[in-house]
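Report on the structure given below.
The values are calculated or read from the model by the stated rules, or taken from the named source; none is laboratory data. Just so it is clear, the model here is predicted, and its values are computed rather than measured. Every residue, glycine among them, receives a Cβ derived from its backbone with ideal geometry; neighbour counts consider all protein chains shown.
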């Protein structure tokens, strides 16, 4: 997967200036389509038209997703109630399909938040690639999860359907690497274009505000 990740090394080389003192309008206008973010060829329908959907496409085995995660955890508490944050696991290899099923099995069992960071740590710090169902069952068992219950969730029809939906969304978003973000089914952000993870989230904030104003205008 090196070819998907090498381009993101730029994220750690470019300094980022703070824009916290700027108004919402100036923040929304300082970023340029085609330079700082991309516009999807076709908008993708979001799950709730009353919300501004922000989607992160990630893979647990991606070191850059691992490094983005603390930035996201610091950013999410400040996200307004009109924003819905969604994660979609990336799939372009067989093992990634297994990891996507693991993500959705965790959601089904209500342990996604509990295991999200430990899985990142297991794959990126401990170098356990969780490359088989048995490896995943051993891992969740070590974290107090019943392996038989987990196996049933992992192989369930519902999880399989969610994996296929994630694959379809990836195609609609034209995802080329991880991590990438999509704002309201219209705008795609990469750390390569943004220059760093903090700036990537600043651009997301600006596009969220832009969508918020557009939605308010259409409601009048």
Filter result (over 18 Å from the mean Cα position of the chain (by Cα), within 14 Å of residue 66 (Cβ to Cβ) and surrounded by fewer than 19 Cβ atoms within 10 Å (Cβ to Cβ)) within the range 110-146
125, 126, 127, 128, 129
Does at least one position in the range 187-195 carry a residue that is assigned to a helix (DSSP H, G or I), under 16 Å from the mean Cα position of the chain (by Cα) and under 16 Å from residue 72 (Cα atoms)?
yes
What's the total number of residues in the range 59-81 that are in contact (Cβ under 8 Å) with a residue 40 or more places away in the chain and either touching a strand residue (DSSP E or B) at 6+ places or on another chain (Cβ under 6 Å) or in a helix (DSSP H, G or I) (or both)?
10
Could you look through the range 99-121, keep only residues that are assigned to a loop (DSSP other than H, G, I, E, B) and touching a residue at least 24 places away in the same chain (Cβ under 8 Å), and pick out the one that is farthest from residue 159 (Cα to Cα)?
111
Does residue 35 count as closer than 17 Å to residue 189 by Cα, assigned to a loop (DSSP other than H, G, I, E, B) and either under 16 Å from the mean Cα position of the chain (by Cα) or touching a residue at least 12 places away in the same chain (Cβ under 8 Å) (or both)?
yes
Look at the range 82-97 and say how many of its residues are buried (at least 19 other Cβ atoms within 10 Å of the Cβ) and in a helix (DSSP H, G or I).
1
Pick from the range 134-162, criterion touching a residue at least 40 places away in the same chain (Cβ under 8 Å) and in a helix (DSSP H, G or I), ranking: farthest from residue 104 (Cα to Cα):
149
Modelled with pLDDT under 95 and more than 30 Å from residue 132 (Cβ to Cβ): which single residue out of 20, 6 fits that description?
20
Looking at this structure, is residue 179 over 20 Å from residue 58 (Cβ atoms) and touching a helix residue (DSSP H, G or I) at 6+ places or on another chain (Cβ under 7 Å)?
no
Determine, yes or no, whether residue 165 is under 15 Å from residue 55 (Cα atoms), in contact with a strand residue (DSSP E or B) (Cβ under 9 Å, 6 or more places away or on another chain) and assigned to a helix (DSSP H, G or I).
yes
